[in-house]
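Heads up: the structure comes next, in structure tokens.
The values are calculated or read from the model by the stated rules, or taken from the named source; none is laboratory data. Treat the numbers as computed from the prediction; the structure is a model and nothing was measured. In this analysis, Cβ positions are derived from the backbone assuming ideal geometry, glycine residues included, and neighbour counts consider all displayed protein chains.
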Amino acid sequence: MDLVTKEKWDHAAAAFDLMSAYGPEKRWAPRKRELFSQMYGKVLFLAVGTGLDIQFFPSDQDITGIDISTKMLEKAQPRAAQYQGKLELLEMDVHELTLADNTFDQVFTSCTFCSVPDPIRGLEALKRVLKPGGQLCMFEHTGSHYFPFNMLLNMMTPLSRRFGPDMNRETVQNVERAGFSVTRVTNVFLDVVKMIEAEAPSSEAPA
Amino acid sequence: MEKRLYFIFGDVLSNAAIGGLAGLGAAGLVSAGWNMLIGMGIGMIVGMGVSFLALLVFCPFFGAMEVMLPTMLAGMLAGMVLGMAASMQTLGLSQAAGVGALIGIGAMLAVFMFNAKLQGEVG
């Protein structure tokens, strides 16, 4: 397990809800509900954090939520207990998923791949646990292609990554680099906050 | 586009406040007779520093990127303009704060318009 990342998010857990639970979640609520309403079958949710996204999950789903941080998961437990459906929380590093191949119909992420240290390896791990043709649905913030936002996000990243996420990730490109087919990208705020939908290959290409 | 009044109010408040504080800081630090570029540079640094306050004060109430990016732009622009202006003539602090707040609101409107252009499905 990546202990540096785990420790960073364990530290962040104390003030995470204070910074994120009200303004950001209320601002993004309609778009997250829209994205998560697509859940069906067996779902992997990465990274569940303190469980702020659980309120947006449609009821009666079969969801496995993972996170690298013990402290985050401790805060998520009461929210998970209130979920009207099956929701199992596991402590796990996306780089070292101990879940079986071809297990999930869908993987959802929410502001996750701004923080995964090796995003392509993490996305490849998600592809492995998805069934062939399975769906990847992401709500992420990324870098921008437009000045001055790209400059501002690049300037912030060396500082922000010490305490939390990177601000300038190329997540759409990383999804493609990991071998997914991107089916839809929807801008939520500028070209920075976006919903990304992609599909795992329907079967392994012949050698 | 954001249509909820609570968030529109938050956007106006945060950008006006950060613009005003950046203008105030720039005009307070830069004196008439300084090199204009130095005044502008100092104003920009002050504005960027002030805009980091937005992260702690305004983000918990009004949003993350939707607050962070416009206020950083507002702080940077207000600091640059007022830093440059303060190097050319003596500015009253209330005047600098008022002009800074207006620049902040202008920056927010520019981001609103650009955001409207980028909204929706890509490609």
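Observations, loosely collected:
- Cross-chain or 6+ apart pairs with Cβ under 9 Å, segment A:31-43 first and within 12 Å of residue A:60 (Cβ to Cβ), then hydroxyl-bearing (Ser, Thr, Tyr): A:43/A:64
- For segment A:122-149, a residue qualifies if it is touching a helix residue (DSSP H, G or I) at 6+ places or on another chain (Cβ under 9 Å), more than 16 Å from residue A:165 (Cβ to Cβ) and assigned to a strand (DSSP E or B), and the qualifying residues are A:134, A:136, A:137.
- Inclusion of residue B:66 among residues that are within 30 Å of residue A:196 (Cβ to Cβ), within 16 Å of the chain's Cα centre (by Cα) and of a type in the set (Asp, Glu) is warranted.
- Residue that is within 14 Å of another protein chain (Cβ to nearest Cβ), aliphatic (A, V, I, L, M), within 13 Å of residue B:43 (Cβ to Cβ) and surrounded by 24 or more Cβ atoms within 10 Å (Cβ to Cβ), where the choices are B:72, B:68, B:76: B:76
- From the options A:65, A:133, A:143, A:85, residue that is in contact (Cβ under 8 Å) with a residue 24 or more places away in the chain, of a type in the set (Gly, Ala, Ser) and buried (at least 22 other Cβ atoms within 10 Å of the Cβ): A:65
- Looking only at segment A:1-57, and only at residues there that are of a type in the set (Ser, Thr, Tyr) and out of contact with any Pro (no Cβ under 7 Å at 6 or more places or on another chain), the one that is nearest to the other protein chains (Cβ to nearest Cβ): A:20
- Answer residue from segment A:88-99, given it is more than 15 Å from the chain's Cα centre (by Cα) and outside any strand (DSSP E or B) and is surrounded by the most Cβ atoms within 10 Å (Cβ to Cβ) among those: A:99
- Residue in segment A:40-50 that is modelled with pLDDT under 95 and in contact with a Gly (Cβ under 7 Å, 6 or more places away or on another chain) present: no
- Condition check for residue A:152: on the phi > 0 side of the Ramachandran plot, facing chain B (nearest Cβ under 10 Å) and in contact with a helix residue (DSSP H, G or I) (Cβ under 7 Å, 6 or more places away or on another chain): no
- Summed over segment A:180-191, residues that are within 11 Å of chain B (Cβ to nearest Cβ) and loosely packed, with under 15 Cβ neighbours inside 10 Å total 2.
- Comparison of B:10, B:49, B:98 shows that the only residue that is surrounded by fewer than 21 Cβ atoms within 10 Å (Cβ to Cβ), out of contact with any Leu (no Cβ under 8 Å at 6 or more places or on another chain), within 14 Å of chain A (Cβ to nearest Cβ) and assigned to a helix (DSSP H, G or I) is B:49.
- Test: residue in segment A:156-179 that is in a strand (DSSP E or B) and either surrounded by fewer than 17 Cβ atoms within 10 Å (Cβ to Cβ) or within 10 Å of chain B (Cβ to nearest Cβ) (or both): no
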